[in-house]
Each structure stands twice: as structure tokens, then as C-alpha cells.
Amino acid sequence: MVVQELSPETSLADLLHQPVRWRLVQALIGRSLTTGELAELLPDVPTTTLYRHVGVLVKAGVLVVTDERRVRGAVERTYSLDTSAADPDNDAPDRDRLRTMFTVYLAGLAGDFDRYLARDDVDPVRDGVSLRQAAIWISDDELPQLQERLTEVLDPVVAQGPGPGRTRRILSTIFVPDR
């Protein structure tokens with residue numbers, strides 16, 4: 001598989017439109033991992049392909065090297081997401097760019113859900129699978145307050161990290177005005 005080189009103007013949406021890169025970014029949400037650990041999480045991705053995509057994400061500034069250590073003569077790097085990496089398109093994206101970003105987001109969610117369904121032991125009730133959508137009536141002034149309160153509730157849970165009895169779950173939210 002050939003990994004296309006990206007120009008410096010490549011947007012985050014274009015960058016993550018590639019499914020392997022999307023999965024790499026998803027795997028690194030809230031944690032740091034080596035390429036070996038990433039390979040364990042993405043066993044269907046050939047190692048050379050994984051390394052190429054990691055390289056593309058590092059070059060684009062989406063991933064940063066947070067640690068390096070020598071292992072059997074080679075350098076093992078640990079990667080994290082650079083959450084400060086801003087997509088200039090986010091400042092004032094046009095409709096097509098926004099549609100692309102949303103499509104990439106949904107495709108990533110669909111891929112995550114497909115991988116869940118491919119497991120041998122799928123039990124949505126036990127696993128806490130929840131698909132919900134709610135209509136809320138909220139003013140433009142109230143929305144930032146709600147987002148701040150959600151952040152206050154979620155930040156401690158996001159910060160606690162892995163531990164005994166904990167399962168990594170992905171929480172995805174979308175706020176879209178319905179007019």
C-alpha cells in the first residue's frame with residue numbers, strides 16, 4: 001500500500017479521511033503508545049503500513065514523540081496526540097469542508113462500532129453500549145455553559161486513566177442546531 005504524501009496545506013479532515021490514520025488517532029485519545037502497542041491494537045494493519053501512517057501523522061504535527069528508548073539496537077518511540085495541533089480550516093470552514101469533517105467523524109465511529117460487533121463476545125447491555133439522541137432547547141448563551149459543565153463532569157473521568165476493572169470506552173458527542 002502506498003501512503004500518499006500530503007502537502008503542508010493538507011487539512012486535518014483530509015489527513016484523517018484515511019481509515020488507518022483515523023484509527024491511529026482514535027487509539028491515542030487520552031494515552032501515549034509505542035508503535036508496538038499500536039500494532040497490537042490494530043492487528044489487521046500491516047506493520048510497514050502502520051509505520052508509514054505514523055510517520056505521516058508525525059510530519060503533519062498531529063502526533064508528537066513523548067519518549068524514546070533503545071530496544072535491541074533500535075529506537076522505540078512513544079507517541080501522543082498533539083492536542084494543540086489546530087486545523088486552520090476550523091476557524092471558518094466552508095460547507096464542503098464541514099461536510100467532509102463530519103463524514104470522516106462518522107466513518108470513524110462506524111469503523112469503531114464494526115470492530116466492536118466483530119468481537120466474539122458482543123453483549124451491548126453488559127458492555128454499556130448506548131446510542132442516544134436527545135433534542136434540547138437551549139439558547140446560544142446557555143450552550144457554552146452546558147459545554148463547560150459537561151467538561152467539569154468528564155475531565156476527572158478522562159484523567160483517571162486505566163486501572164483494574166476499567167474498560168476504555170469512547171464517548172462521542174455532536175451538537176448540531178436543528179432549525
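Inside region 31-80, residues that are hydrophobic (A, V, I, L, M, F, W, C) and in contact with a Pro (Cβ under 9 Å, 6 or more places away or on another chain) make up a count of 1.
Annotation note: Cβ proximity below 8 Å between a residue of region 56-75 that is hydroxyl-bearing (S, T, Y) and a residue that is open to solvent by less than 50 Å² (accessible area, probe 1.4 Å) (sequence gap 6+ or interchain) occurs for T66/T78; T66/Y79; T66/S80.
For region 158-179, the set of residues classified as exposed (fewer than 10 other Cβ atoms within 10 Å of the Cβ) and β-branched (V, I, T) consists of T167, T173, I174, V176, listed by residue number.
Checked against the criterion of being in a loop (DSSP other than H, G, I, E, B), at positive phi, open to solvent by 70 Å² or more (accessible area, probe 1.4 Å) and basic (K, R), region 72-79 has at least one qualifying residue. Take the conditions (1) open to solvent by 90 Å² or more (accessible area, probe 1.4 Å); (2) over 25 Å from L16 (Cα atoms); (3) in a helix (DSSP H, G or I); D114 misses just one of them, which is (2). Look at D141 and say whether it is within 27 Å of L41 (Cα to Cα), open to solvent by 100 Å² or more (accessible area, probe 1.4 Å) and of a type outside the set (V, I, T). Taking the combined requirement at face value, the residue does not satisfy it. Selection of region 41-71 for residues being closer than 20 Å to L109 by Cα and either open to solvent by 20 Å² or more (accessible area, probe 1.4 Å) or among the aromatic types (F, W, Y) (or both) yields L41, P43, D44. Selection over region 128-152 of residues that are within 20 Å of the chain's Cα centre (by Cα) and assigned to a helix (DSSP H, G or I) gives a count of 3. Taken together, D178, D141 contain a single residue that is closer than 30 Å to R95 by Cβ, out of contact with any Cys (no Cβ under 7 Å at 6 or more places or on another chain) and at pLDDT 95 or above, which is D141.
For D94, the requirement of being open to solvent by 80 Å² or more (accessible area, probe 1.4 Å) and farther than 19 Å from L15 by Cβ is not met.
The values are calculated or read from the model by the stated rules, or taken from the named source; none is laboratory data. In this text, all values refer to a predicted model and were calculated from it rather than measured experimentally. Every residue, glycine among them, receives a Cβ derived from its backbone with ideal geometry; neighbour counts consider all protein chains shown. Accessible surface areas use protein heavy atoms only, side chains included; no ligands, DNA or RNA. Shrake-Rupley method; radii C 1.70, N 1.55, O 1.52, S 1.80 Å.
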